[in-house]
Amino acid sequence: MPDILICKRGDIAEGDTRLIKVGAVEIGVIFHNGQYYAYQNLCPHQGGPACEGLKLPQVVENIGEQGVHLGMTFDENDMHIVCPWHGWEFDPQDGLCLDDPAMRVATYPVRVSHGRVEVEA
């Protein structure tokens, strides 16, 4: 199948998602830290719209000496996509589910060429 034009470079703001329909499949394209990621808008858990959920940074627990909890921070470089139905989290780079590594959302290669963002679907 030929590449599908999503948008022009710069049309998707940092952290935003663009949804497109290709036949019966809905694909979400997310722009994060200068990279585009594309995957099917279908959570493998129970079929929720995974791409329409929140994009949240990884929560990092800070543990001090002797196991003392020092609070939590966020790792802005490790963003997760969170399905709005049940909160399952996915890594945008490979679609791997962080709640159950046996699950993942289908990913699609993204190419940026001549100012065009395209998905190979």
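A few notes on this one:
- Exposure proxy ranking, count of Cβ atoms within 10 Å, fewest first, for GLU26, GLU76: GLU76, GLU26
- 9 Å beta-carbon shell around LEU19, net charge (K/R +1, D/E -1): 0
- For the stretch 3-120, alpha-carbon Rg over 2.2 N^0.38 Å: 1.17
- Residue-count net charge about PRO44 - beta-carbon cut-off 9 Å; Lys, Arg +1, Asp, Glu -1: 0
- Furthest towards positive pole of dipole, GLN93, TYR36, SER113, structure part the chain, Cβ charges: SER113
- Relative to the Cα centre, the charge distribution of the stretch 3-120, modelled as +1 at Lys and Arg Cβ and -1 at Asp and Glu Cβ, gives a dipole magnitude of about 580 debye.
None of the figures in this text is laboratory data; all of them are computed from the coordinates on show. What you see is a predicted model, and the numbers here were worked out from it, not measured in a lab. Note: ideal-geometry Cβ built from the backbone for every residue, glycine included; neighbour counts use all protein chains shown.
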